[in-house]
Structures are given as C-alpha cells and as structure tokens.
Amino acid sequence: MKRNYGPLYAVPQSAWLLVFFAAPLVIIVGYSFLEKGLYGGVKPHLSLAAYRELANPALLGVAFRTLWVSVAATVVTLIVALPCGYSIARSHNQSLRLFLIIVPFWTNFLVRIYAWISILGNEGFLNDILRTLGVTSESVQFLYNQWAVILVLVYMYLPYAILPLFTSIDKFDFSLLEAARDLGASRFASYRLVLLPNIRSGIVTAVLFTFIPIFGAYAIPLLIGGKDSYMLGNLIADQVTKTRNWPLAASISMAVTLLSGLAAVVFLFRSRKGEAVAEVAESGMDSPGPVGRGGSASGTGGPAGATGATGLTLEVPA
Amino acid sequence: MKTPSVSRGATLRAIVLKAALSAVAFAAIFLVLSCTPKKAGAAQRKLYIYNWTYYTPDSVIAKFEKEYGCKVVYDSFPSNEEMFAKLKAGGSDYDICFPSGDYVSIMVKEGMLAPIDRKAMKNFANVDPAVLARCDFDPGNAYSIPYYMGAAGVAVNKAKVGAFEKSWSIFGRKDLAGKMTMLDDMREVLGDALAYQGKSVNSASAVEIAAAAKLVNEVWKPNLLKFDAEAFAKGFAAGEFWVTQGYAEAIYLELDPARKPEVEFFIPKEGGPMYIDSMVVLKGSKNKDLAMSFIDFIHRPQIYAEFTDAFGFPATCNVPARALKKGPEWYKAVDLAPCELKKDVGEDLEKYNKAWQTIRFGG
C-alpha cells in the first residue's frame with residue numbers, strides 16, 4: 001500500500017501560519033494583558049487596564065468613524081468592481097485586461113498615494129484642468145477630507161474586489177441570462193435575480209478582501225485625510241510610537257481582530273445559508289444551476305409575476 | 001528633532017546608495033578574497049551610526065571615512081520612540097546614536113550608554129557653554145555631547161499670506177482657515193499652546209494642559225487643514241499649505257531654491273518646545289574609540305560649519321564654526337532664546353495624552 005504523504009505537504013503552509021500569524025497573535029494577546037512600561041514596552045505584571053481603557057467614549061467615536069468610512073469605501077468599491085469584473089469576464093482579451101488590473105501593483109503603495117496627492121492637490125493636475133477649462137478660478141480643495149480618503153481607499157483596494165468578482169463571473173453560465181430573458185425578465189431583473197445570486201461567493205470574497213484591510217487603514221487617512229480623519233489604524237500606531245502605551249495598542253488590535261473576525265464569520269455563514277437554500281431549490285426542481293434563492297418566489301409574486309415550472313420568478317413586462 | 005517628512009526621498013536615496021555600496025563592497029571583498037586569499041585579515045573597521053533620517057551630510061561622513069580609514073554605516077530612525085524601542089529590543093550593535101535630550105536622560109537611567117571621556121576630545125572646547133548649561137538632562141555631559149540645538153518653527157508663504165505677526169496667534173487667523181497645518185505631535189502642539197499662554201512647555205498641571213488643549217480645539221484647530229508630521233514639507237513646497245508648523249531643514253530640502261525669497265521661517269516670539277539632539281555612545285559599542293573620534297570630528301569648526309550649512313541651520317552648538325559658515329540660515333540662534341527645552345515628563349505624559357485625544361479623536 002502506498003503511504004499517504006498528504007500531511008507532509010501541509011508543513012510549509014502550517015509553518016508559515018505558525019510563524020507569521022499565530023506567533024505574532026500570541027504576542028499581541030500577551031501584551032494586551034500586561035501593564036504598560038513608562039517608556040514603552042510592557043512590565044511583567046498582569047493587568048486588565050488596557051481593556052478598561054477601551055470603554056473610553058472618544059475611542060468609540062474613532063471606531064465609529066472607521067466603520068462608516070470602511071462601509072462607504074467597500075460599497076463604492078463593489079459598485080465599481082462589479083461592472084469591471086463583468087466586462088473582463090465577457091471580453092475576448094481577458095489576459096490583457098487582467099494584466100492591466102495588476103499593473104498598478106508594480107508601483108509602491110506610498111508612491112501611488114503621493115501620486116493622488118499630486119492629482120488632487122490645489123496646484124495639482126485636476127485643479128489645473130478645471131482652471132484651464134474656466135470652470136473655477138480658485139483652486140478646489142479636494143484633498144485632506146473624508147471624501148478624498150474614501151476615493152483613494154477605493155482606488156487602492158479595487159483590484160482586490162475585481163479579481164474575485166471576475167473569477168466567479170467567468171464561471172457563470174451566461175446562457176442562464178438568455179433563458180431568463182426568454183422567460184420574460186427585463187435585462188435588469190435577469191442580472192439581479194439570476195447573475196447576482198450565482199456570483200455570491202465572488203461578492204463575499206470581494207467584500208472581505210476590501211472591508212478588512214480598509215478597516216485597518218493607516219497610511220491613507222494619515223496622508224490624504226484632514227484634521228478629523230483619524231482612524232483606528234492611526235490610533236493603534238500612535239499608541240506604540242507616541243504615547244508609549246503598547247498594551248492599549250494590543251487591546252485595540254485584539255478588539256479589531258475579534259470584531260472583524262466575527263463579522264467575517266457571520267457574513268460567510270449567512271451567505272452559506274443562502275447558498276444552501278439555493279441548492280435545495282435547485283435539487284428539488286432539476287434546474288441547470290443554482291439560479292435563484294428559493295425565497296424569492298414569494299417576493300416578486302403578484303399579478304405581474306409568474307412562477308415558472310423551474311422555480312424561476314420573473315417579472316413579465318407589461 | 002529631525003522629521004520623517006524628508007525620509008521618503010532620503011530613504012530611497014539611502015537604499016539605492018546602500019545597495020550600490022554593498023554591491024561595490026561585495027565585489028571588492030570577492031576580488032580581495034579571490035586574488036589574495038592569504039591577506040584577508042586586513043579587515044576595515046566599521047562605525048555603526050544610528051541617526052535621524054539624513055541628519056549628517058554624506059560629505060562629512062566621507063571625510064571621516066577617509067581620514068580614519070574606516071567604513072561608516074548610517075541607519076536612520078524617524079522618531080525617538082522608535083529608536084528607543086529598537087535599541088531596547090536588543091537592536092544591532094550600533095556605536096553612536098543621536099537621541100534628543102529627554103531620551104538621553106531616559107537612556108542614562110536605563111543604563112544604555114557608555115560614559116564619554118571629554119578630556120580626550122580636544123574639540124569639546126568648541127561647544128557653546130550656553131548650550132552645555134542647558135543640558136540638565138545629562139549634568140556635566142558625562143554621557144552625551146550636544147549635536148544640534150533647534151526648534152520647530154512656522155514657515156509662511158509670504159506671496160499668499162501678506163503681512164503677519166511672528167506669533168503662534170497666526171494659527172488663530174480665520175482668513176487663513178484651511179491653508180494651515182500643525183505637526184501631528186502632542187508635545188509640540190500642546191507645548192506651543194502652553195508657551196503661548198505663558199506656561200512651561202513641560203507643565204505637569206492638568207489644569208494648564210487642559211487650557212492649552214482648549215485653545216487648540218477652539219481657536220487653532222478650526223483653521224487647520226490637518227495635523228501633519230510626515231509630509232508637511234512636501235505640501236508646503238507644493239503650495240498646498242500657506243502656513244506650516246515644522247522643521248526648517250525639512251522645508252529647506254523640499255523647497256525649490258528659486259522660491260526661497262517668498263518663504264519666511266520664524267520661531268514664534270512666545271517660544272515653544274526646543275530640543276538638543278545629542279551624540280551618545282552605546283554601552284555595547286565595539287568601537288568606542290572610533291565613536292569618540294567621530295564625536296570629536298563633528299565638533300571641528302570646519303566640519304560643524306559644513307554640517308549646518310547643508311541644512312540651513314545656525315551653528316547653535318559650536319562657537320568657532322559660526323565664523324566659518326557660508327550658507328544661508330533659516331533662523332538665527334538668538335531666535336531660540338524664548339524657547340524652553342523639552343523634557344521627559346515621565347508619568348505626566350498621560351495628561352498630555354488625554355488632552356491630545358480631545359484634539360485628535362474629535363469629530
């Protein structure tokens with residue numbers, strides 16, 4: 001009988017996770033329960049002080065701001081990434097387009113931030129154009145506010161959303177859209193009811209890949225933001241480099257890790273449940289693919305809706 | 001205190017330079033080893049310097065290397081805190097470091113420094129006694145020799161601002177709202193507000209610190225575009241900011257020389273926090289004699305003049321160098337007279353931290 005070498009292949013990955021994920025995490029957990037040293041570092045005394053400081057209402061204000069900026073940036077990213085992913089999946093020169101999406105990664109992250117500063121600046125490219133066209137005479141202050149932060153965040157994380165969306169759209173069987181149209185769905189309805197539910201896993205991945213890093217953003221709010229663009233990432237860094245409170249930096253990191261981890265699990269679990277429902281609907285009705293959520297049948301019923309034999313709910317144009 | 005804002009370009013340059021140098025060094029070592037394998041013992045001495053980003057001109061380092069037949073390795077840090085954390089964590093074998101006064105006292109307390117033999121330094125006599133008198137962070141200079149004394153000031157774009165008063169009150173001017181920045185640094189900004197209100201920049205009084213925070217929050221911050229300690233010089237040089245609190249050397253490096261006449265840099269008349277960056281020898285140094293020679297070398301009048309000329313500094317710490325300086329100065333040594341040395345406030349830092357939160361966290 002042949003020996004099974006399977007577990008052996010997992011060694012590099014496990015070692016990697018152990019050294020670069022588990023070990024640092026253990027250090028952070030450890031530091032968060034220690035007393036802070038007067039000049040940085042920690043004293044070897046157990047303490048819950050760092051967790052008590054989390055209840056500071058000012059800190060919650062920063063957390064709330066971080067949340068809304070992250071949600072806004074993620075939503076915009078998704079709205080932009082969907083048509084991009086779709087057009088790449090449908091185009092004849094996929095490789096070229098994918099390549100173009102990857103190209104910005106060749107340039108350093110910070111350099112790209114500074115590039116945005118020179119585009120949006122008062123003496124920047126955009127203001128130059130506006131002045132030349134006579135739209136404005138004075139410079140428009142684009143930089144150093146929350147909107148600029150969101151814009152650059154969207155730019156920075158767009159590829160992370162486009163790639164998983166492209167992958168799932170690429171696997172989608174487009175004849176289903178034709179079927180939906182044949183059965184009377186409007187163009188919009190066919191996308192909403194057939195395409196979107198089928199690329200759910202791509203959407204989930206895109207959301208996770210953008211929301212989580214944006215939630216921990218540091219350099220973009222620092223360089224692009226204004227006087228009130230302080231986010232959790234900046235807060236954590238300042239505890240280490242300025243206020244010499246390492247345990248607080250660790251406890252905030254723990255809170256962020258736990259919250260975003262929890263959100264990711266809930267999000268994944270809920271979307272799994274959705275897929276499960278779709279699969280049940282599929283197996284019960286012999287349809288060619290998981291074409292829609294079972295529950296949608298009731299939602300769009302009524303005089304204008306017709307429930308077909310396959311379980312597809314379609315709006316019949318008047 | 002050197003600023004990180006110049007670090008990007010400088011670091012890149014440093015990296016390219018380092019890469020090039022190490023390539024050359026490797027090639028040289030390879031050649032030496034392959035051609036004369038029996039003479040490998042003649043290793044060059046190395047001096048490891050841990051300094052603020054681009055704070056000692058390359059030309060000065062090259063002169064030292066040539067004269068002492070050694071190789072200088074220059075590593076840089078952007079803040080005292082980061083330097084301290086790295087050295088505490090067992091950092092590498094640095095010989096010389098350049099902490100600010102408050103961190104000199106901390107490092108002495110933590111037993112990280114080697115005593116300095118001032119008698120062996122013939123150029124110690126050149127150091128300004130007025131500066132030495134202010135070194136109460138290291139009485140008698142047993143562990144540190146001043147490198148540079150300076151302060152953050154305010155750069156003004158005169159072409160845009162017109163007439164102005166050389167006071168911290170400039171940040172209260174509503175007509176400049178949205179065109180001004182202050183440093184993202186709690187001891188600096190709160191120290192400025194304390195000085196403006198006639199208090200010590202090292203105040204330990206929660207009431208005074210709260211009053212300073214109130215001034216910043218209600219009078220200064222509404223007119224500020226942002227708090228920036230990273231890119232203020234770039235933003236100022238690009239015309240984004242008209243009034244910027246920052247470090248002269250950073251602005252000097254970024255600014256197009258042709259535009260210099262339209263820029264004025266001043267130290268506000270009320271004073272503010274001042275710093276003395278000092279040269280110290282680390283306890284673990286393996287080249288203490290070479291390190292001491294470097295410190296002595298810096299205080300040669302000609303060398304000190306070359307260093308300060310490179311950054312538009314006044315020769316604050318070295319008296320004979322003042323007559324040898326050729327370059328322009330952004331401010332004069334006398335401008336620092338109303339300033340107060342920033343000290344380590346120990347446990348009281350928490351009071352500053354609380355006050356700073358009301359400024360930085362706010363909505």
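Quick look at the numbers
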read-out: Full-extension gain in nm, B:GLU218 to B:ALA337, via 0.36 nm per residue minus C-alpha separation; value: 40.0 nm
read-out: At R0 = 25 Å, FRET efficiency that the Cβ-Cβ distance of A:LEU133 and A:ARG90 yields, to 0.05; value: 0.15
read-out: Residues A:PHE64 and B:GLN302, FRET efficiency given R0 of 60 Å [Cβ-Cβ distance, rounded to 0.05]; value: 0.55
read-out: Probe 1.4 Å - accessible area at B:ASP296, Å² to nearest ten; value: 20
read-out: Charge dipole magnitude, Cβ of K and R +1, D and E -1 - region A:57-264, Cα centre, debye nearest 20; value: 220
read-out: Hz values of 3J(HN,Hα) by residue in region B:168-173 - Karplus curve (6.51, -1.76, 1.60), Gly and Pro given as x; value: 4, 4, 4, 6, x, 6
read-out: Karplus-derived HN-Hα couplings along region A:66-73 (A = 6.51, B = -1.76, C = 1.60, θ = phi - 60°), whole Hz, x at Gly and Pro; value: 4, 5, 5, 4, 5, 5, 4, 5
read-out: Kirkwood Rh in Å, taken over region B:275-363 so that all alpha-carbon pairs contribute; value: 16.4
read-out: Buried on assembly, region A:213-260 (at least 40 Å² less accessible surface than by itself, 1.4 Å probe); value: A:LEU222, A:LYS227, A:ASP228, A:TYR230, A:THR241, A:LYS242, A:THR243, A:ARG244
read-out: B:ASP128 accessible area, assembled protein chains, probe 1.4 Å, Å²; value: 20
read-out: Average accessible area per residue (Å²) across region A:57-264 - probe 1.4 Å, nucleic acids and ligands excluded; value: 45
read-out: Charge dipole (debye, nearest 20) of the protein assembly as shown; +1 at Cβ of Lys and Arg, -1 at Cβ of Asp and Glu; value: 1040
read-out: Cut-off under 5 Å, modelled amide H: who pairs with A:VAL42 long-range; value: A:GLY37
read-out: Cα-only Debye scattering, chain B: base-10 log of I(q)/I(0) at q = 0.06, 0.09, 0.11, 0.13 Å⁻¹; value: -0.24, -0.53, -0.78, -1.06
read-out: Percentage relative contact order, chain B, counting C-alpha pairs under 8 Å, at least six apart; value: 25
read-out: List A:THR74, A:THR107, ordered by accessible area with a 1.4 Å probe, largest first; value: A:THR107, A:THR74
read-out: Two-site FRET efficiency, A:ARG52 against A:ASN108, from Cβ-Cβ distance with R₀ of 35 Å, rounded to 0.05; value: 0.30
read-out: Protection proxy ranking of B:324-333, A:12-21, A:244-253 - average other beta-carbon atoms within 10 Å, highest first; value: A:244-253, B:324-333, A:12-21
read-out: Across B:LYS122/B:LYS342; B:LYS160/B:LYS342; B:LYS166/B:LYS226; A:LYS36/B:LYS221, pairs whose alpha-carbon gap is larger than 24 Å; value: B:LYS122/B:LYS342; B:LYS160/B:LYS342; A:LYS36/B:LYS221
read-out: Spin-label pair A:PHE267/B:ALA62, simplified geometry with 7 Å Cα→Cβ offset, distance in nm; value: 5.3
read-out: Antiparallel DSSP beta bridges within the protein assembly as shown, as percent of all bridges there, nearest 5; value: 60
read-out: Chains A and B, summed buried accessible surface - 1.4 Å probe, Å², nearest 100; value: 3100
read-out: Rg and Dmax [Cα atoms of region A:57-264; Å; Rg one decimal, Dmax integer]; value: 20.2, 66
read-out: Per-q log10 I(q)/I(0), the protein assembly as shown, q = 0.07, 0.12 Å⁻¹ (Debye; single scatterer per alpha-carbon; no solvent); value: -0.60, -1.38
read-out: Normalised alpha carbon radius of gyration of region A:207-252 [divisor 2.2 N^0.38 Å]; value: 1.21
read-out: Proximal charge balance of A:ALA89 [Cβ under 10 Å; K/R count +1, D/E count -1]; value: +2
read-out: Distance violations [Cα-Cα > 18 Å] among A:LYS227/B:LYS199; B:LYS158/B:LYS179; A:LYS227/B:LYS214; B:LYS199/B:LYS351; value: A:LYS227/B:LYS199
read-out: Residue-wise HN-Hα coupling along region B:118-135, computed from phi with Karplus coefficients 6.51, -1.76, 1.60 (Hz; x: Gly, Pro); value: 5, 4, 6, 9, 6, 8, 4, 5, 7, 6, 4, x, 5, 6, 4, 5, 8, 7
read-out: Relative contact order (%) - chain A, alpha-carbon pairs under 8 angstrom, separation at least six; value: 22
read-out: Residues with amide H under 5 Å from that of B:PHE77, placed H, sequence gap 5 or more; value: B:ASN51, B:TRP52, B:THR53
read-out: Apportionment of accessible area to carbon and sulfur, region A:57-264, percent (1.4 Å); value: 71
read-out: Hydrodynamic radius of region B:111-228 per Kirkwood, over alpha carbon pairs, in Å; value: 17.2
read-out: Peptide A:120-127 - average C-beta neighbours from other chains (10 Å radius); value: 2
read-out: Global size of region B:313-363 as Cα Rg and Dmax, reported in angstrom; value: 18.1, 52
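The values are calculated or read from the model by the stated rules, or taken from the named source; none is laboratory data. All figures in this text were calculated on a predicted structure; none of them were measured in a lab. Neighbour counts run over all protein chains shown; Cβ positions are idealised from the backbone, glycine included. The protein model used for the area step is the full one, side chains on, heavy atoms only, and it has no ligands, DNA or RNA in it. Shrake-Rupley method; radii C 1.70, N 1.55, O 1.52, S 1.80 Å.
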